[in-house]
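As structure tokens, the structure follows; a few thoughts come after it.
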Amino acid sequence: MSKFIPYGRQSISEEDIQAVAEVLRGDFITTGPKVDEFEKAVADYAGSEFGISVTSGTAALHTAMFAAGIGPGDEVIVPPITFAATANSVLYMGGAAVFADVCEDTLLIDPDEIRKKITSKTKAVAVVDFAGQPCDYDEIRKVTDEYGLILIADSCHSLGAEYKGGKCGSIADITLFSFHPVKHITTGEGGMAVTDKAEFADRMKRFRNHGINVDYKQREKMGSWYYEMTDLGYNYRMTDFQCALGLSQLKKLDGWVERRQQIAKRYDQAFADVEGVEPLSQLTDRTNAYHLYVVKITQKDRAEVFASLRDNGIGVNVHYIPVHLHPYYRDRFGYGPGLCPVAERAYEQIISLPMFPGLTDGEVGKVIGFLLSFV
Ligand SMILES: *Cc1c(COP(=O)(O)O)cnc(C)c1O
């Protein structure tokens with residue numbers, strides 16, 4: 001039997017391994033120079049002033065919610081088609097996640113639905129650049145400006161994508177990235193928040209270090225043992241060897257995004273005139289970093305197509321079960337079907353096809369061939 005093709009996977013080179021090994025042989029394996037270097041490099045890449053590295057994309061979301069001052073009684077508007085962590089991070093801070101439905105053709109949060117969900121308790125909007133395509137930021141910004149809300153971008157899918165010429169990371173008040181192995185670059189586990197606002201950056205640096213107001217490097221400079229814990233923070237610090245891996249990976253990011261776009265183009269062409277396979281719409285004023293390639297199966301049973309592809313060694317997946325339909329959200333908040341009908345309808349039809357830079361042209365052809373044979 002031929003090799004199983006996963007839906008996503010990391011690319012690690014000898015160079016990456018060398019970069020990690022070098023750090024392991026050195027003096028600093030955590031909170032050293034590679035951390036600063038990686039933060040600066042990602043912030044620069046994303047067109048932002050400050051980068052705050054943390055242990056995962058989820059930790060980055062949590063840290064952003066802290067920076068935004070989310071607490072009990074506050075509401076944060078989120079989309080239902082996302083990884084649960086986007087909404088969970090609001091709950092970590094004691095806030096409530098309010099779901100605003102998505103647009104049918106892109107599965108990006110619908111700015112009009114955001115507007116409908118605003119109440120006197122709304123404090124922030126956390127949007128998701130689903131599959132790698134940036135959200136409708138101009139429209140969303142109009143709403144957040146009008147109501148004085150903080151705009152948080154969960155850009156865990158869109159590192160390297162651009163909206164009207166601006167990089168993801170330069171648009172929202174705080175933007176989050178993940179470095180999980182299926183994402184655009186990896187550090188094993190890891191994440192980063194980027195922002196232009198010094199106040200948010202300071203709060204996030206404190207939060208990822210137990211809520212302590214100076215880090216040990218500043219203390220050393222001050223020649224002092226004294227520090228204050230001013231907030232209840234966490235240990236969300238990244239190690240130097242992870243950051244060395246991230247720096248080494250970052251060099252290849254543009255090439256990898258290009259390869260993802262090439263693969264997407266082949267999928268697009270293959271499905272252009274096929275009834276029953278509908279790729280998500282690509283809007284012309286923005287680029288797509290294609291963390292995922294999602295199609296809707298409109299004339300066959302999705303579960304059957306999914307099972308047939310899996311049986312033939314094609315690692316398809318479904319992104320995502322609408323978050324409000326998870327038992328935790330149903331039981332705790334009384335959410336259920338009907339809350340976000342567009343998302344719920346789309347969920348019945350979506351499949352994510354293999355998409356990662358190491359995918360060969362032959363493998364892409366095989367995925368296309370099998371999918372066409374089952375629809
Ligand atoms: C991957 C992902 C996360 C979480 O990232 P981790 O690094 O796995 O914690 C959050 N939101 C979205 C949209 C993601 O895709």
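Results for (1) polar (S, T, N, Q); (2) modelled with pLDDT under 95; (3) at negative phi, shown as yes or no for each residue.
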site: GLU162; (1), (2), (3): no, no, yes
site: GLY169; (1), (2), (3): no, no, no
site: ILE174; (1), (2), (3): no, no, yes
site: PHE179; (1), (2), (3): no, no, yes
site: ILE185; (1), (2), (3): no, no, yes
site: GLY188; (1), (2), (3): no, no, no
site: ARG219; (1), (2), (3): no, yes, yes
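Name the pairs: first residue in segment 278-297 and farther than 16 Å from VAL182 by Cα, second residue among the aromatic types (Phe, Trp, Tyr) and not in a strand (DSSP E or B), Cβ to Cβ under 6 Å, at least 6 apart or on different chains? Here the result reads PRO279/PHE271, each pair linking segment 278-297 to a residue that is among the aromatic types (Phe, Trp, Tyr) and not in a strand (DSSP E or B). Does ASP44 fit the bill of being over 19 Å from ARG237 (Cα atoms), in a helix (DSSP H, G or I), in contact (Cβ under 8 Å) with a residue 60 or more places away in the chain and out of contact with any His (no Cβ under 9 Å at 6 or more places or on another chain)? Answer is no for this residue.
When VAL194 is tested against (1) away from the ligand (no atom under 12 Å from the Cβ); (2) over 22 Å from ASP254 (Cβ atoms); (3) of a type in the set (A, V, I, L, M, F, W, C); (4) in contact (Cβ under 8 Å) with a residue 60 or more places away in the chain, exactly one condition is not met: (2).
You will find that of ASP154, ASP231, ASP145, ASP202, the residue that is surrounded by 17 or more Cβ atoms within 10 Å (Cβ to Cβ), of a type in the set (Asp, Glu) and either modelled with pLDDT of 95 or more or closer than 15 Å to ALA46 by Cα (or both) is ASP154 and no other.
Every residue, every condition in (1) crowded, with 17+ Cβ neighbours inside 10 Å; (2) touching a Lys or Arg at 6+ places or on another chain (Cβ under 8 Å), yes or no:
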{"position": "ILE17", "(1), (2)": "no, no"}
{"position": "ALA21", "(1), (2)": "no, no"}
{"position": "THR30", "(1), (2)": "no, yes"}
{"position": "LYS40", "(1), (2)": "no, no"}
{"position": "MET65", "(1), (2)": "yes, no"}
{"position": "ALA68", "(1), (2)": "yes, yes"}
{"position": "THR82", "(1), (2)": "yes, no"}
{"position": "GLY95", "(1), (2)": "yes, yes"}
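Checking each residue in segment 134-178 for being within 11 Å of the ligand (Cβ to nearest atom), touching a strand residue (DSSP E or B) at 6+ places or on another chain (Cβ under 7 Å) and of a type in the set (S, T, N, Q) picks out SER155, SER178.
Hey, among the residues in segment 161-183 that are over 22 Å from PHE66 (Cβ atoms) and of a type in the set (D, E, K, R), which one's surrounded by the fewest Cβ atoms within 10 Å (Cβ to Cβ)? Out of the qualifying residues, it is LYS164. Take the conditions touching a Cys at 6+ places or on another chain (Cβ under 6 Å), within 16 Å of the ligand (Cβ to nearest atom) and assigned to a loop (DSSP other than H, G, I, E, B) and apply them to PRO181. Does it pass? When the stated conditions are applied, PRO181 does not pass them. Apart from one condition, GLY132 fits all of (1) touching a Ser or Thr at 6+ places or on another chain (Cβ under 7 Å); (2) over 24 Å from PRO341 (Cα atoms); the exception is (2). Residues of segment 201-251 that are touching a residue at least 12 places away in the same chain (Cβ under 8 Å) and charged (D, E, K, R): ARG203, LYS205, ARG206, ARG208, ASP215, LYS217, GLU228, ASP231, ARG237, ASP240.
Which one is surrounded by the fewest Cβ atoms within 10 Å (Cβ to Cβ), of the residues in segment 330-375 that are assigned to a loop (DSSP other than H, G, I, E, B) and among the aliphatic types (A, V, I, L, M)? Across segment 330-375, the extreme among qualifying residues is VAL375. Just one of the listed residues (VAL76, VAL23, VAL42, VAL54) is more than 16 Å from the ligand (Cβ to nearest atom) and aliphatic (A, V, I, L, M), namely VAL23. Only residues that are under 26 Å from TYR267 (Cβ atoms), more than 16 Å from the ligand (Cβ to nearest atom) and surrounded by fewer than 18 Cβ atoms within 10 Å (Cβ to Cβ): list them for segment 309-329, please. If the condition is that a residue be under 26 Å from TYR267 (Cβ atoms), more than 16 Å from the ligand (Cβ to nearest atom) and surrounded by fewer than 18 Cβ atoms within 10 Å (Cβ to Cβ), then ARG310, ASP311, GLY313, GLY315 are the ones that fit. Restricting attention to segment 123-133, the residues that are more than 16 Å from the ligand (Cβ to nearest atom) and touching a Phe, Trp or Tyr at 6+ places or on another chain (Cβ under 7 Å) add up to 0.
The values are calculated or read from the model by the stated rules, or taken from the named source; none is laboratory data. Keep in mind that what you see is a predicted model, and the values were worked out from it rather than measured. Please note: Cβ atoms are built from the backbone with ideal geometry, for glycine as well, and neighbour counts cover all protein chains shown.
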